[in-house]
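Below is one structure, written out as structure tokens, with a few remarks after it.
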């Protein structure tokens, strides 16, 4: 056996042993010193979903440390890049904005995406994703990620990531607050149908064909993401190009229980503060004439959403004017970042 083969075998054995005993493993990356934030990659085993299943994430902590960490879950056809956007990060990078304000972040890749394990698509559901996120949260609270235990954990989601966050918070009751974006309990049926019409099996996409995914994984057709997720906003061309270059997948079997999270009274079981933020013109969940919520103002959105939350959620809403579905990638996304920070400060997170 060559030295390279022995090294590779040792690495595989180490990973398998770590998975077997349920500890966090992963190669540490170099600290990101440009913004005085240290970032490292981790993988958290999820043995309940099958041998070798794990959720990958990137923990970024301010140099001064933080007792609070935000676990950020991306939506359908996105991975953690949505929260850690590389183009013009001073504007569009949500992770960096939170770190600069003193909060740690854990941006995760949903199962089947990014650096996370990629089970056969029928094994991937939204409730299974919620279980995986729960394992990440437990690891952060126990100090198995980053070497320190976080006293407070906030859970943030976008779109499908928000429905996963609803399932997680309502089921496990292990977070201190929940940020929901790109979601409501009223689905714009026309807008959803138009977006779904642009999906195709991931193996047929030239940029994703080499991943070895089965046809149950879906992605957007090349060139459709602006009309699907940004319209009526006209994004910076660099944002649109980066979004297309970093797109990912979802499993078709994530959709039924994702819809269940908004069509069934799941969120009423959330017993911690909730901030729900949507783009004013989100074509998937807004547009009261086509089945969506009235997102014309924060007050109108609150009126539509209040019945789905208990008083323990202390529901607050925010509407980003002129924005489509992807509030993180809107030209004036910093207004929404500031609202998130205001909400967090108001609860002393």
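The values are calculated or read from the model by the stated rules, or taken from the named source; none is laboratory data. Quick caveat: nothing in here was measured; it's all calculated off a predicted structure. Please note: Cβ atoms are built from the backbone with ideal geometry, for glycine as well, and neighbour counts cover all protein chains shown.
Counting only residues that are surrounded by 16 or more Cβ atoms within 10 Å (Cβ to Cβ) and within 20 Å of residue 109 (Cα to Cα), region 215-238 holds 7 of them. Filter region 103-132 for residues that are within 25 Å of residue 67 (Cβ to Cβ), touching a strand residue (DSSP E or B) at 6+ places or on another chain (Cβ under 6 Å) and assigned to a helix (DSSP H, G or I) and give the result. Hit for region 103-132 is 132, nothing else.
Collect the residues in region 301-349 that are in a loop (DSSP other than H, G, I, E, B), within 18 Å of residue 274 (Cβ to Cβ) and in contact (Cβ under 8 Å) with a residue 60 or more places away in the chain, keeping them in residue-number order. Lay out the reasoning, then the answer.
Step one: filter region 301-349 for residues in a loop (DSSP other than H, G, I, E, B), giving 309-310, 314-315, 321-326, 330-332, 347-349.
Subset that is within 18 Å of residue 274 (Cβ to Cβ): 309-310, 314-315, 347-349.
Passing the criteria: 347, 349.
Within region 238-271, the set of residues being in a loop (DSSP other than H, G, I, E, B), within 22 Å of residue 174 (Cα to Cα), out of contact with any strand residue (DSSP E or B) (no Cβ under 8 Å at 6 or more places or on another chain) and touching a residue at least 24 places away in the same chain (Cβ under 8 Å) comprises 265, 266, 271. Check region 272-280 and report whether any residue there is over 30 Å from residue 86 (Cα atoms) and assigned to a helix (DSSP H, G or I). No, the conditions are met nowhere in region 272-280. Considering only residues in region 192-214 that are under 21 Å from the mean Cα position of the chain (by Cα) and closer than 25 Å to residue 266 by Cβ, the one that is surrounded by the fewest Cβ atoms within 10 Å (Cβ to Cβ) turns out to be 196. Hey, could you check region 104-116 for residues that are more than 12 Å from the chain's Cα centre (by Cα) and crowded, with 23+ Cβ neighbours inside 10 Å and say which is nearest to residue 56 (Cα to Cα)? Among them, the one singled out is 116. Suppose the filter is crowded, with 23+ Cβ neighbours inside 10 Å and either within 17 Å of the chain's Cα centre (by Cα) or more than 17 Å from residue 249 (Cα to Cα) (or both); does residue 131 pass it? Criteria not met by residue 131.
When residues in region 245-297 are screened for being surrounded by fewer than 17 Cβ atoms within 10 Å (Cβ to Cβ) and under 18 Å from residue 182 (Cβ atoms), 8 of them pass.
Using the structure shown, decide if residue 124 is buried (at least 24 other Cβ atoms within 10 Å of the Cβ), more than 27 Å from residue 230 (Cβ to Cβ), in contact with a helix residue (DSSP H, G or I) (Cβ under 7 Å, 6 or more places away or on another chain) and modelled with pLDDT of 95 or more. If you could, list the steps in order and put the result at the bottom.
On the way: buried (at least 24 other Cβ atoms within 10 Å of the Cβ): yes; more than 27 Å from residue 230 (Cβ to Cβ): no; in contact with a helix residue (DSSP H, G or I) (Cβ under 7 Å, 6 or more places away or on another chain): yes; modelled with pLDDT of 95 or more: yes.
Judged against the criteria, residue 124 is not a match.
Residue 138 passes every criterion in (1) assigned to a helix (DSSP H, G or I); (2) under 21 Å from residue 251 (Cα atoms); (3) in contact with a helix residue (DSSP H, G or I) (Cβ under 9 Å, 6 or more places away or on another chain) apart from (2).
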